[in-house]
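First the structure, in the form of structure tokens, and then the observations on it.
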Amino acid sequence: NNSESLIPLLKVISNNFYYLPLFLFLPGLYHLFKKDPEWAALILMLFGCFTVILNIFTPIKNEIDGIAAFSTQPFMMPAIIILAIIIGEGFAWLHDNLKRERHPKIAFTVGIICLLPAAFALGKNFIPNNESKNYLAHDFNLLALESLPPNAYLISIGKDNMTFPLYYLRKVENIRPDIHLEIHYSTAEV
């Protein structure tokens, strides 16, 4: 049953946007189609592709609740970004209608109310996801490079958390350019 794969997407959307998509999704699509039908059709097609089709091809079965959402969350980002565009258009539609009716105070109040979910999401998600002080991969690979003798060979498996810090240290920070780095990519499970 592929409908299980939509549950993590709905959890991510409700955690980031609260109930704002329920109120501004359809007005946002209306405003988009009114403004530029070709762009709106592309946005709607991309939203459909990234929600329905992607979830059909990445089914989640027999996974623990937190692991399922964590393992598929990066694949949900395009759908979430497109949803944010549609919600923004819904907000523009709401603002335009209130402005046209000459209610500037109500338009300002609605604008503040629509920005509150973004502020709540930032407050809720920033601290648990702040990795600005996490130097584990950097320090581990720095120690690995510094522990090698001159002109040594370093063979690493092609896992992202091992490969990218090594490339960064050698190419950006220019640490140990004498090391011969060999990355072994394998399709076998390690």
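The values are calculated or read from the model by the stated rules, or taken from the named source; none is laboratory data. These numbers were taken from a predicted model, which means no experiment stands behind them. Glycine also receives a Cβ, built like all others from the backbone with ideal geometry; neighbour counts cover every protein chain displayed. What goes into the accessible areas is simple: the full protein's heavy atoms, side chains included, and nothing from ligands, DNA or RNA. Shrake-Rupley method; radii C 1.70, N 1.55, O 1.52, S 1.80 Å.
Sort out which residues of the range 163-173 are open to solvent by 90 Å² or more (accessible area, probe 1.4 Å) and part of a helix (DSSP H, G or I), and write them in order of number.
Within the range 163-173, Phe164, Tyr168, Lys171 qualify.
Can you tell me which residue in the range 118-128 is nearest to the chain's Cα centre (by Cα), limited to those that are of a type outside the set (Val, Ile, Thr) and either exposed (fewer than 11 other Cβ atoms within 10 Å of the Cβ) or farther than 30 Å from Gly88 by Cα (or both)? Give the steps one after another, and end with the answer.
Residues of the range 118-128 of a type outside the set (Val, Ile, Thr): 118-126, 128.
After this cut, where a residue has to be either exposed (fewer than 11 other Cβ atoms within 10 Å of the Cβ) or farther than 30 Å from Gly88 by Cα (or both) as well, the list is 119, 123, 126, 128.
Working: Ala119: 17, Gly123: 17, Phe126: 13, Pro128: 15 Å.
Checked the range 118-128; the qualifying residue nearest to the chain's Cα centre (by Cα) is Phe126.
Checking the condition among the acidic types (Asp, Glu) and in contact with a strand residue (DSSP E or B) (Cβ under 7 Å, 6 or more places away or on another chain), which residue from Glu146, Glu182, Glu173, Glu101 passes? First the steps, then the outcome.
Working: Glu146 fails: in contact with a strand residue (DSSP E or B) (Cβ under 7 Å, 6 or more places away or on another chain); Glu173 fails: in contact with a strand residue (DSSP E or B) (Cβ under 7 Å, 6 or more places away or on another chain); Glu101 fails: in contact with a strand residue (DSSP E or B) (Cβ under 7 Å, 6 or more places away or on another chain).
That would be Glu182, the only listed residue that is among the acidic types (Asp, Glu) and in contact with a strand residue (DSSP E or B) (Cβ under 7 Å, 6 or more places away or on another chain).
Here's the yes/no breakdown for (1) open to solvent by 40 Å² or more (accessible area, probe 1.4 Å); (2) charged (D, E, K, R); (3) in contact with a helix residue (DSSP H, G or I) (Cβ under 8 Å, 6 or more places away or on another chain); (4) at positive phi:
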site	(1), (2), (3), (4)
Met76	no, no, yes, no
Phe91	yes, no, yes, no
Val110	no, no, yes, no
Asn130	yes, no, no, no
Asn134	yes, no, no, no
Leu143	yes, no, no, no
Glu146	yes, yes, no, no
Asn151	yes, no, no, yes
Asn161	yes, no, yes, no
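Among all residue pairs at least 6 apart or on different chains, which show Cβ distances below 6 Å where the first residue, located in the range 84-102, is without any contact (Cβ under 8 Å) to a residue 60 or more places away in the chain and more than 12 Å from Leu29 (Cα to Cα) and the second is part of a helix (DSSP H, G or I) and open to solvent by less than 60 Å² (accessible area, probe 1.4 Å)?
Once the first residue is without any contact (Cβ under 8 Å) to a residue 60 or more places away in the chain and more than 12 Å from Leu29 (Cα to Cα) and sits in the range 84-102, its partners that are part of a helix (DSSP H, G or I) and open to solvent by less than 60 Å² (accessible area, probe 1.4 Å) give His95/Ala107; Leu98/Ala107; Lys99/Ala107.
Condition first: among the small types (Gly, Ala, Ser) and either touching a Gly at 6+ places or on another chain (Cβ under 6 Å) or open to solvent by 80 Å² or more (accessible area, probe 1.4 Å) (or both). Now tell me which residues in the range 22-52 satisfy that.
Selection gives Gly28 alone.
For the range 18-53, how many residues are modelled with pLDDT under 70 and within 17 Å of Pro78 (Cβ to Cβ)?
Number of matching residues: 1.
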